[in-house]
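> I'd like to ask some things about the structure below.
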Amino acid sequence: MVGVMVVVIVGAIFCALQSMRANRLLVSALWLAGTSALVALAIFVMGAPEVAVIELSVGAGLVTVLFVFAINVAGEEPIKLKPLVPRPLSIGLVALSILLLGWMGMPGLLSILQLNVTFSLPSAADFTRAFWEQRSLDVVAQIVLVFAGVLGVLGLLSDTETAGGSSEETQK
């Protein structure tokens, strides 16, 4: 089970790095959705199916739709601005954050490496119960919001031209 967690975490880190390296914002948003889906899988494997359902539907679903909408509205043209935070300071803050995260997670990491903690994969019944019985209203509301967001994006980005040509040509 530890191997599965390592693969999922490495996959999430890979997707996060790819989202930062992508040249296009739309591709970056899709890599970020993959990161969120893998984080939801890790949360599910750790035994919190309710939180995993929310992460998957909101993080990988709704947020991705909102990013795609914002990218399409704002465009992908780069803005040439100087960074607000100097590069050495930002690298130092990231390194400090990683060190603090490692220090705070060290007891859990040591117990996993010593195999004192065993993960038990929740069954499909646990996921189904969490998804449809315990959180059914949340899930239905999130599904409606995702579909409303998609339809809103499609409505805003729809082309006003007809299939036979532009509206000016059809009026002549």
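> Checking residue 59 against (1) at pLDDT below 80; (2) closer than 27 Å to residue 26 by Cα, which test does it fail?
(1)
> Take residues that are surrounded by 16 or more Cβ atoms within 10 Å (Cβ to Cβ) and among the β-branched types (Val, Ile, Thr) and tell me which of the helices (runs of 4 or more DSSP H) falling wholly in segment 1-89 contain 2 or more.
Passing ranges, in order: 25-45, 49-54, 63-74.
Conditions (1) touching a residue at least 24 places away in the same chain (Cβ under 8 Å); (2) farther than 23 Å from residue 144 by Cβ; (3) assigned by TED's automatic domain parsing to the domain that holds residue 141; (4) among the charged types (D, E, K, R), marked per residue:
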residue: 28; (1), (2), (3), (4): no, yes, yes, no
residue: 50; (1), (2), (3), (4): yes, no, yes, yes
residue: 60; (1), (2), (3), (4): yes, no, yes, no
residue: 91; (1), (2), (3), (4): no, yes, no, no
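> Could you tell me whether any residue of segment 91-106 is modelled with pLDDT under 65 and closer than 24 Å to residue 3 by Cα?
yes
The values are calculated or read from the model by the stated rules, or taken from the named source; none is laboratory data. A quick note: this is a predicted structure, and the numbers were derived from the prediction, not measured. A quick note on method: Cβ atoms are made from the backbone with ideal geometry, for glycine too, and the neighbour counts reach across all protein chains shown.
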